[in-house]
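Trainee: Supplied in structure tokens, the structure appears directly below.
Any read-out appearing in this document is the output of simple, stated calculations on the displayed coordinates, not a laboratory observation. Every value quoted in this text rests on a predicted model; they were computed, and no experiment measured them. We place every Cβ from the backbone using ideal geometry, glycine too, and count neighbours over all the protein chains shown.
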Amino acid sequence: MTTRQYLGSGWDSDAWLVDGEWVERTARRPDVEPWLRTETTLLPWLAPQLPLEVPRPVVGKESPLTVRHRLVPGRPAGPDDGPGLGTAVGEFLVALHAVDLAAAVRRGLPSPERTSALRDAHVDRFESEVVPRLPPTTGNWLGERLAVIRDAPASVLVHGDLSADHVLIDDGRVSGVIDWGDARAGDPAKDLVWPLLQAGPRVAREVTAAYGVTGELAARARTWLDVGPCYAVVHGDDVGDHGLVAEALSWFPVI
């Protein structure tokens, strides 16, 4: 008898655990379906090139479109995980960012041109909808950071949403990286935000050594973190969540 356990909803898809072994995902919106198909081409090609396990989805059924992959074992990384987390993440990012970008684009990865266009659209919106709601000095501070993001490179394959929730630990070791919905040609500094600035000083030291983080990359990672609340502000506007908007605006420093 097949068992299905609902795992929850992300921004783009709903997920179930089937028979304790398979993860099945369906799109929450029609525009997400093309990306789910892309994952079935991109991730199985990418997986052998990486030192950590990633999902290798296939199409399970067409109506509704359902992709499935074997469960990647592990739990989300946490602050109490021992030494080696940053080293494993750094080595993973070295391999990921060295992948042949043109070959990945041929398999459906959003191209540098697509990334730049989307980034310009986001920055335009942040400048017009977020900056005016801030005190003038804070708005100027944010405007300077948005200019850096607009000009950031889109030169490597990035995961795009690397966080504790998406880095898995199994039996005391880093076992895999999940949730590739934001993968694209992008700025390598984007993938360094969490390990450098949010995962704690030990992880930051380890990832800096394993990846070879430069001062320029570290500074741009800080800039990505600084502009992060903008995404929550405009999302709150889009869904009518005024509480989220107010909370996200409060995350900016008072300068």
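Trainee: Inverting the mean 1/r over all pairs of different Cα atoms, compute the Kirkwood radius of region 137-199 and quote it in Å.
Mentor: About 13.4 Å, per the Kirkwood formula over Cα pairs.
Trainee: Mind checking the angle between helix 33-46 and the chain's longest principal axis? C-alpha axes, 0 to 90 degrees, to the nearest 10.
Mentor: 70 degrees
Trainee: I'd like the per residue volume of the convex hull spanned by the Cα atoms of region 4-70, given in cubic angstrom.
Mentor: Spread over its residues, the Cα hull of region 4-70 gives 89 Å³ apiece.
Trainee: Which residues among region 238-255 fall inside the zone where the amide N is under 16 Å from a point 7 Å beyond the Cα of Ser9, along Cα→Cβ?
Mentor: 238-241
Trainee: For region 224-243 and region 186-216, what is the centre-to-centre distance using only Cα atoms, to the nearest Å?
Mentor: Between the Cα centre of region 224-243 and that of region 186-216, the gap is 24 Å.
Trainee: Let me ask you something else. What list do you get for Val239, Val99 if you sort them by fewest beta carbons within 10 Å?
Mentor: The order, fewest Cβ neighbours first, is Val239, Val99.
Trainee: Sticking with this one: What angle do you read, to the nearest 10 degrees and between 0 and 90, between the alpha-carbon axis of helix 215-239 and the longest principal axis of the chain?
Mentor: 80 degrees
Trainee: So, by mean Cβ neighbours within 10 angstrom, what's the order for 210-216, 103-109 with the highest one leading?
Mentor: In descending order of packing, they fall as 103-109, 210-216.
Trainee: Okay, moving on. Considering the zone a paramagnetic label at Val99 would reach in this model (a point 7 Å from Cα along the Cα-to-Cβ line), which residues of region 21-39 have amide N under 12 Å from it?
Mentor: Counting only backbone N, you get 39.
Trainee: Based on alpha-carbon atoms only, what is the radius of gyration of region 38-181 relative to the globular estimate 2.2 N^0.38 Å?
Mentor: This ratio for region 38-181 stands at 1.26.
Trainee: Here's another thing I want to ask about it. Go ahead and estimate [θ] at 222 nm for the chain from helices alone: -39,500 (n - 2.57) per DSSP H run with n ≥ 4, summed, over the residue count, rounded to 500.
Mentor: -14500 deg cm²/dmol
Trainee: Shifting gears a bit: What does the highest-first list of 30-36, 82-88, 61-67 look like by mean Cβ count within 10 Å?
Mentor: 82-88, 30-36, 61-67
Trainee: Determine the equivalent ellipsoid of the chain by diagonalising the alpha-carbon gyration tensor, then write out the semi-axes as square roots of 5 times the eigenvalues, largest first, rounded to whole Å.
Mentor: In descending order the semi-axes read 30, 23, 19 Å.
Trainee: If you don't mind, another one. Nearest 10 degrees, 0 to 90: what angle lies between the long axis of helix 201-211 and the longest principal axis of the chain (Cα atoms)?
Mentor: Helix 201-211 sits at roughly 70 degrees to that axis.
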